[in-house]
Amino acid sequence: MKQDYISWDEYFMGVALLSCLRSKDPNTHVGACIVNPKKRIVGIGYNGFPYGCSDEVFPWTNQKDDYLNSKYPYVVHAEPNAILNSTCSLEGCTMYVTLFPCNECAKLIIQSGIREIVFMDEKYCGNESDIASKKMLDAAGVSYRKMKMMKIQLEEVSQ
């Protein structure tokens, strides 16, 4: 029997990583994969503009001082996209996401019934959004954990 297969966490985070490659954001690529308790994928998503909002019309800049000409009011994050793309109830599911959820995404995760978040990166750890996310997730009983590095890298798979 083969001994060096990847874990379930690595498998589902791999799907989230693959999904993030669909993002056209030049600065931040985020992918999410939602898995039910039977280890079946029930939703995937990545950060991008809403359906019908052309990538050529809306801005990808991250200039916070020029809000309407930046991506911030327009981009749908990976987590809500995965929730909206889901195929069934998300009660008791786990979300694998490449970046720890912001406070707005945390609200949707809680409301959807997801009970666990597995993430890779905490790029914004300690900022106000991160603190608010963790406060809400803790209050709602949604667990979260940072995943260790994967055994394989996506570059290795493509060879």
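The values are calculated or read from the model by the stated rules, or taken from the named source; none is laboratory data. If you're wondering where the values come from, they're calculated on a predicted model, not measured in any experiment. Don't worry about glycine lacking a Cβ; one is built from the backbone with ideal geometry, like all the others, and counts go over all protein chains shown. The area values use the complete protein model at the heavy-atom level, side chains included, leaving out ligands, DNA and RNA. Shrake-Rupley method; radii C 1.70, N 1.55, O 1.52, S 1.80 Å.
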Mean accessible surface per residue for the stretch 54-129, computed with a 1.4 Å probe while every protein chain stays in place, in Å²: 54 Å²
³J(HN,Hα) computed for each position of the stretch 85-92 - Karplus, 6.51 cos²θ - 1.76 cosθ + 1.60, integer Hz, glycine/proline x: 8, 5, 9, 6, 4, 9, 4, x
The stretch 79-123, relative contact order [Cα under 8 Å, separation at least 6], %: 50 percent
By accessible area with a 1.4 Å probe, ligands and nucleic acids excluded, highest first: order of 136, 95, 1, 147: 1, 136, 147, 95
About the Cα centre, charge dipole magnitude for the stretch 1-156 (Lys/Arg +1, Asp/Glu -1 at Cβ), debye: 520 debye
Exceeding the 23 Å Cα-Cα cut-off - candidates 71/123; 71/148; 24/71; 24/148; 107/146: 71/148; 24/148
Sites residue 146 and residue 24, calculated FRET efficiency, Cβ-Cβ separation with R0 25 Å, nearest 0.05: 0.40
Heavy-atom accessible area order for 91, 10, 128, 122, largest first, 1.4 Å probe: 128, 91, 122, 10
Proximal aspartates and glutamates to residue 134, defined as alpha-carbon separation beneath 15 angstrom and excluding residues fewer than eight positions away on the same chain: 104, 116, 121, 122
For the chain: relative contact order, % (alpha-carbon pairs under 8 angstrom, 6 or more apart): 20 percent
Surface/4 of the Cα convex hull for the stretch 81-126, nm²: 3.2 nm²
Accessible surface ranking that places the most exposed of 35, 15, 57 first, with a 1.4 angstrom probe: 57, 15, 35
FRET efficiency, 1/(1 + (r/R0)^6) with R0 22 Å, evaluated for residue 89 and residue 51 via beta carbons: 0.45
FRET E, pair residue 122, residue 64, Förster distance 22 Å, beta-carbon r, rounded to 0.05: 0.60
Expected 222 nm ellipticity per residue - DSSP helices of 4 or more, -39500 (n - 2.57), all of the chain, to 500: -8500 deg cm²/dmol
Area of residue 40 that stays accessible when all protein chains are in place (1.4 Å probe, Å², to 10): 140 Å²
Environment charge of residue 89, counting only residues whose C-beta is closer than 13 Å and scoring Lys/Arg +1, Asp/Glu -1: +2
